[in-house]
Amino acid sequence: MTLYVEEKPYMMLAGEIHNSSSSSLGYMKEKVWPELRGLHLNTLFVPVAWETVEPEEGSFDFSIPEGLLEQAREEKIRLVFLWFGLWKNGESTYVPEWVKKDTRRFVRACYPGGLLSDTITPLCLSAVQADQKAFRKFLNFLKEKDSEQRTVLMVQVENEIGFLGGDRDYSDLAEHEFRKPAPQALIKSLGLEENEEITWEQLYKDRAPEMFMAWHYACAVEMIASAGKEEYPLPMYVNAWLNQFPDRPGNYPSGGPIARNLPIWKAAAKSIDIFAPDIYLSDFDAVCREYTLEGAPLLIPEARRDAVSASNVFPAFAVYHTIGFSPFGIEDFSPEKELGQQVRADRELLEQLQIDELAFVYNGTGPYLARSYKLLDSMKELYFQYRGTKALQGYLQKNEHEKGTILRLSNCDLELTYLRHSSAEPGCAGIVIEDSENSFFLAGCNTEIRLTPHGNVPGKHLTVLTMEEGTFENGRWRRGRVLNGDERYHKVLGCEPSVLRFRFCVEDIRS
């Protein structure tokens with residue numbers, strides 16, 4: 001999938017702000033926008049909370065999203081709006097007060113024994129209909145205010161959906177539904193005979209509680225998203241809080257769109273265009289592979305805050321052709337902050353959320369990320385020219401024990417050795433684009449480079465004609481230093497994201 005903006009393919013170089021920053025236009029103007037300048041963002045992920053647009057039932061106020069549109073246009077940045085409706089991080093914390101107060105009408109999910117949660121159950125039709133009505137109004141507002149300028153590229157429906165703290169809802173409403181046969185629409189999607197009464201436990205055995213929640217969350221999201229699309233058919237996605245150790249539903253929001261739940265989500269939520277992982281885990285490559293199976297489009301709406309994001313962005317685009325890449329808490333990434341400066345999130349909160357603390361440590365990421373974004377933006381025309389062809393490749397060190405990799409190019413093998421680096425620096429990763437059989441660009445970080453004939457066989461000799469520094473200006477390569485002196489023995493990309501161009505020839509020296 002390729003996103004087009006103004007009839008041109010669009011590389012979304014983005015960041016997501018903190019959850020509540022956008023609830024105040026004054027705060028955005030004073031504390032957020034100034035911190036983003038210099039990061040080379042072209043897109044900002046911005047929450048819009050249901051509680052701010054419908055403070056009283058039936059009374060809608062879109063002054064905050066209207067102000068956000070105006071501010072974004074002034075900054076010349078596109079927006080992705082995140083609809084914080086019924087569910088945010090597995091709980092119902094951004095619903096209006098009139099929803100929070102009425103637990104009879106807006107039924108809460110329960111833990112075993114009837115203990116009430118802070119999550120409104122997706123089985124509560126009146127709650128879903130109320131969210132649906134507000135979301136429809138919001139999309140109608142966007143159609144009226146933005147259908148010509150197209151500042152908003154897409155909309156996230158809810159946020160990290162699922163039931164936190166338990167495998168499923170045990171309210172009376174849910175208990176009644178769980179005892180009933182699985183829905184016929186689900187039976188049909190699995191290729192089974194319709195009208196066959198099969199219980200959830202017969203279908204999914206020990207996974208039945210989570211699959212039950214996944215189905216009902218996905219059905220609720222479909223009601224909400226389809227209503228919004230009727231008003232204004234923007235692309236829509238849902239994001240996932242990923243499962244990790246200990247891998248039990250409830251340690252992460254049970255029923256959310258994690259990879260193993262996607263078949264049931266795709267069967268129920270057909271109005272959702274993209275299922276997107278929030279990647280705070282260390283195994284970036286494995287998550288990307290899971291979410292791009294069978295050619296599924298990839299969007300990374302939340303990425304780690306540490307320096308590894310400045311290198312992960314290269315394979316995200318080069319290997320997995322992501323639509324966009326967006327580290328979380330982007331207003332903390334100001335390039336004015338010195339390298340190595342740390343901003344730590346609350347450790348107790350991260351432990352509660354089962355999130356790796358290192359993923360939330362700001363460790364001088366901003367300057368590195370700014371360099372990566374500036375570089376990728378300058379290369380975007382070349383990138384889209386070769387996207388989807390063998391001329392575009394990428395690489396990523398998957399773990400500290402992996403020493404390097406070999407990429408096969410048209411006329412040579414590219415031996416890449418991963419360099420040791422500190423946790424405060426980007427990882428070992430990059431993007432390779434061949435613009436001819438004997439010429440290529442290599443952009444990335446922390447990599448030693450060696451060119452050899454295919455298979456490094458006797459009788460073939462490879463000569464590097466030039467190794468060039470440089471930059472892209474208006475899509476064209478502008479050569480800087482030509483490194484053909486002593487530097488030719490030191491073919492290295494350092495910790496600061498940069499690009500080199502190589503031109504070479506291969507000779508057959510056999511008699």
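Coordinate-derived values only; no laboratory data. As the structure is a prediction and not an experimental result, all values here were calculated from the model. We place every Cβ from the backbone using ideal geometry, glycine too, and count neighbours over all the protein chains shown.
The table for this structure:
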read-out	value
Computed label-point distance, nm, for sites Glu6 and Lys76 using a 7 Å Cα→Cβ extension	0.9 nm
Ratio Rg/Rh [Cα only; Rh per Kirkwood] for region 392-508	0.96
Acute angle (nearest 10 degrees) that the helix 208-231 long axis makes with the longest principal axis of the chain, alpha-carbon atoms	80 degrees
Taking Cys412, Cys124, Cys505 and counting other C-beta atoms within 10 Å, the order from fewest to most	Cys505, Cys124, Cys412
For the chain: relative contact order, % (alpha-carbon pairs under 8 angstrom, 6 or more apart)	13 percent
Sites Lys403 and Ser423 - FRET efficiency at Förster radius 22 Å, r taken between beta-carbons, to 0.05	0.75
Rounded to 5, percent antiparallel among DSSP beta bridges of the chain	65 percent
Extension reserve of the Asn251-Thr389 stretch, reckoned as 0.36 nm per residue once the Cα distance is removed	45.6 nm
Ranking of Ser23, Ser92 by count of other Cβ atoms within 10 Å, fewest first	Ser23, Ser92
DSSP-loop GluC sites (Glu not before Pro) across region 128-235, with at most 11 other Cβ within 10 angstrom	Glu148, Glu193, Glu194, Glu196, Glu197
DSSP loop trypsin sites (Lys or Arg not before Pro) with at most 14 other Cβ within 10 Å excluded, longest remaining stretch of the chain	151-269
Computed over region 176-280: relative contact order in percent, which uses C-alpha pairs under 8 Å that are six or more apart	30 percent
Alpha-carbon centroids, region 244-281 and region 40-60: separation in whole Å	24 Å
Exposure proxy ranking, count of Cβ atoms within 10 Å, fewest first, for Tyr232, Tyr217	Tyr232, Tyr217
